[in-house]
Amino acid sequence: MLEYAEPVTKLIDELKRLPGIGHKSAQRLAFHIMRTPENELDRLLTAVRDVKQRIVLCSVCNNLTDVDPCRICASTSRDHSVICVVEEPHSMVAVEKTRSFKGVYHVLHGSLSPMRHIGPNELHLANLLPRLKPENNDGVEVSEVILATNPTTEGEATANYIGRLLKPLGLLVTRIAMGMPVGSDLEYVDEVTMDKALSNRHEI
C-alpha cells in the first residue's frame, strides 16, 4: 500500500477533521493545496488567520461579527420589536435571503440534545431574556419572538423549551410554519420556501 510522505499524511489527517470531509475528499484537497501557487496559498492562510483573530460573538445577539454590536443589532432601520431565534449563524443568512424579515435575531449556537449532552446551559440563551426589556433594547418593547429553529427533533425540542420559557411573560411567541422537509437544515432551504415558512408562522 502506497504511503504518502509524513507532511502529506499530516495534512490529510487534519483536513479529515473538517465536517463533511472524508478520506478521499481530504486527499483531493491536500493535493490541490500542494499544487496551489505560493501567493494563492498565502491568501488562504491569511483568510483563515483573520477569521480566528477578528471574528467575535455579538454581545447582543451572538451573531458572528467583526464589530460589536453586529451591523444588524446596530441598525436603526431594523424592527427591534421582533426577534427571530435561530440555531446557527448560517440559519440567519437563510432568513435574510428572503428579504422580507426586517426584525433582529438571536443566535443560540446549537439546539437541545440530551444524546449529545447539550442542555439549556450550553445554548446562548442567557442574554435573550434581558433583551426583552425595553431598557436593554434601546427603549423598544419586544412584541414578538419568532422561533425559527430547524424542523428536526432537536429543533422542535428547543422551540418548545424557549416557548415555555417566554409564554409566561405575556409575549407573542410564534413558530415558523413547516413549509420545508422535516429533518432538513435551514441553510439548505431555498428563498421561496423560507419566505412562506416565515409568512405562515403560528403562535405556540
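The values are calculated or read from the model by the stated rules, or taken from the named source; none is laboratory data. The shown structure was predicted, so the numbers you read here are calculated from the model rather than taken from an experiment. Glycine gets a Cβ as well: all are built from the backbone with ideal geometry, and neighbour counts include every protein chain shown.
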message = Here is a list: Leu147, Leu108, Leu112. Which entry is in contact (Cβ under 8 Å) with a residue 40 or more places away in the chain and over 19 Å from Met194 (Cβ atoms)?
response = Leu112
query = Is it the case that segment 73-84 has a residue that's charged (D, E, K, R) and within 26 Å of Pro151 (Cβ to Cβ)?
reply = yes
ask   = Looking only at residues in segment 168-204 that are small (Gly, Ala, Ser) and surrounded by fewer than 19 Cβ atoms within 10 Å (Cβ to Cβ), which one is modelled with the highest pLDDT?
value = Gly170
ask   = Taking only pairs six or more apart or across chains, which ones have beta-carbon atoms under 9 Å, a first residue in segment 126-140 that is farther than 19 Å from Leu172 by Cβ, and a second residue that is loosely packed, with under 11 Cβ neighbours inside 10 Å and hydroxyl-bearing (Ser, Thr, Tyr)?
value = Asp138/Thr76
ask   = surrounded by 10 or more Cβ atoms within 10 Å (Cβ to Cβ), farther than 30 Å from Cys84 by Cα and of a type in the set (A, V, I, L, M) - does that describe any residue in segment 48-59?
value = no
